[in-house]
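Taking it in order: structure first as structure tokens, then the write-up.
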Amino acid sequence: MAKKDKQDKASTKTSGKGGSGRHSDLLTLESAGPVQMGFWVPNRVWATAKFLLPLRDLIAEKKKAGTLTPLVPAMADFKNWVTSHSVYRMWVSSMIEEANRFVAGLDEETRKEIKKDGDVLWIKDYDSFFEILNEIITTSPSFNETEMVGTPMNGLLAVGMATEAGLALFHDETFNLQFKKVLDAWNTFLKSVASIDKLDIDDPKKPGSWISPAAKAAGVWHQMVHDPNVQGYGYDSWNAFFLRQFVPGARPFHGNPKVDINIGCETTPWQYENDLKLETGFWIKDVNYSLLDLFGGQRQWAKLFEGGQAYQGFLSATHYHRWRAPLDGVIVRSWVQPGTYFAQRPWQGEDPGTWEGTESQPYLGHVAARAIFVFEHPVCGYVALLCIGMVEVSTCVIEPTTFIVEEGAEPVPIVRDTEIGHFEFGGSTHMMIFQKDRVKLAKWAVEAVKHQGDKKPTHMGTVIATAIRRPKE
């Protein structure tokens, strides 16, 4: 069923203070479509409520016992900065109020579902916002079997970032620069030995354990490098665990490198588009890919793909998060494009607070932090790979640095299956873009929308495109 048809059938009437009095695209339990562990933010506001309630209970218990973690310097500085800048303090306060008002005003059926999870309130007040953030950045993410697995900050912000105030905040460059300091502090913790507390071989069943029977059943360790006899399964930090490699031979690259292109990230298909335009209104309801914006305003590279094809897929927090070269050829240009962290697409046709993170993926390709590679293949022409950060994933790393090709520099030879970089922490999305009339995409890629609910991602090494014209022997 087409996405629009699903949305039309899923429309329901909102009511109360949070309702708009019109039909929205808030999905019901019956029509929510594929919802699975790690599937980013489903279109069910109670998924966030379910995640946040135990976290707030934990903070309340710590407050009562006098053991609440004091605000770390980065969080204290962030709170002081917000508090001392009236516009940003107003936006944060408004975001909390708007999100709480929305949840409280949902239709009766949805509120009943939220109550089953024990919650009808998003964030108590202004101070709570920073306390919860502080708790998140001083702990490692927990494994769980909810849609929020591995993305706790996304769980905190998913409702609020869709409000009018949240949209203003997370599209604001000055605010993003300050918030990046919070993310950097968390990143520092996640690279420390203290962050492997949930990979404790002496207590594998502890709450949130990534080496629990449930985590193993979910495929966290399937074909991944690990040593069950060593503390941390052989990893010295959360970040090292997050970037775990496949065991040798687990992901062979298929096809003929002379005529085939492989996928550069192990992802679940999401969207396909043909006849790409150089410039479009990518922020409007029916998102169009805008090449100029995808390439960060670099017109000379964007124009190469005018009229071409784009494939997009997403990664959950349990996926493989390294990137590998998709072809034999050269890298003619590559760079990291700065961008937003928690911005979503405005005007998705949904009421505030009900957005689905995956629905914003095409939009995020234009505005989020991302690594951009432009390859050249002898037969398939130019091929672009965009590795796009989403929410927590604030860091896109091209590595080794010899694969950073500056404007005007000599192209760098590359062999397919060579590692070229990685995300640091969290789920993400990626795109591959092809020139007009150079390749034929695989059926699974062209029919990406039909595969959005696939339980397993498309394997790294899968052929995504084949040259239309064969090389002369």
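Numbers for the structure displayed
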{"read-out": "Members of region 162-173 that are part of a helix (DSSP H, G or I), in contact (Cβ under 8 Å) with a residue 12 or more places away in the chain and not hydrophobic (A, V, I, L, M, F, W, C)", "value": "GLU164, GLY166"}
{"read-out": "Qualifying residue in region 146-158 (condition: among the β-branched types (Val, Ile, Thr), modelled with pLDDT under 80, assigned to a loop (DSSP other than H, G, I, E, B) and over 25 Å from TRP91 (Cα atoms))", "value": "yes"}
{"read-out": "Matching entry among VAL405, VAL439, VAL449 (being out of contact with any Gly (no Cβ under 9 Å at 6 or more places or on another chain), closer than 15 Å to TYR272 by Cβ, in contact (Cβ under 8 Å) with a residue 60 or more places away in the chain and not acidic (Asp, Glu))", "value": "VAL449"}
{"read-out": "Any chance TRP186 is under 16 Å from ALA317 (Cβ atoms), touching a residue at least 24 places away in the same chain (Cβ under 8 Å), part of a loop (DSSP other than H, G, I, E, B) and of a type in the set (Phe, Trp, Tyr)", "value": "no"}
{"read-out": "Residue, farthest from PHE242 (Cα to Cα), within region 188-221, restricted to residues that are among the charged types (D, E, K, R) and under 23 Å from the mean Cα position of the chain (by Cα)", "value": "LYS216"}
{"read-out": "Filtered residue count, region 193-203, keeping only those that are assigned to a helix (DSSP H, G or I) and over 23 Å from ILE137 (Cβ atoms)", "value": "0"}
{"read-out": "Inter-residue pairs, beta-carbon under 8 Å, first closer than 19 Å to ALA168 by Cβ and in region 65-89, second at pLDDT 95 or above and exposed (fewer than 14 other Cβ atoms within 10 Å of the Cβ), 6+ apart", "value": "ARG89/THR83"}
{"read-out": "Elements of type strands (runs of 3 or more DSSP E) contained in region 368-458, each with 1 or more residues being crowded, with 21+ Cβ neighbours inside 10 Å and modelled with pLDDT under 95", "value": "370-377, 381-389, 395-398, 419-424, 428-434"}
{"read-out": "Single match in GLN435, GLN452 (criterion: of a type in the set (S, T, N, Q) and in contact with a helix residue (DSSP H, G or I) (Cβ under 7 Å, 6 or more places away or on another chain))", "value": "GLN435"}
{"read-out": "Scan of region 199-239 for residues that are touching a helix residue (DSSP H, G or I) at 6+ places or on another chain (Cβ under 8 Å) and among the hydrophobic types (A, V, I, L, M, F, W, C), ordered by number", "value": "LEU199, ILE201, TRP210, ILE211, TRP221, VAL225, TRP238"}
{"read-out": "Matching residues, region 110-145, being at pLDDT 80 or above and assigned to a loop (DSSP other than H, G, I, E, B)", "value": "ASP125, THR138, THR139, SER140, PRO141, SER142, PHE143"}
{"read-out": "Criterion (part of a loop (DSSP other than H, G, I, E, B), buried (at least 19 other Cβ atoms within 10 Å of the Cβ) and at pLDDT below 90) met by exactly one of PRO352, PRO346", "value": "PRO352"}
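The values are calculated or read from the model by the stated rules, or taken from the named source; none is laboratory data. Source: prediction; values computed, not measured. Note that we place each Cβ from the backbone using ideal geometry, even for glycine, and neighbour counts take in every protein chain shown.
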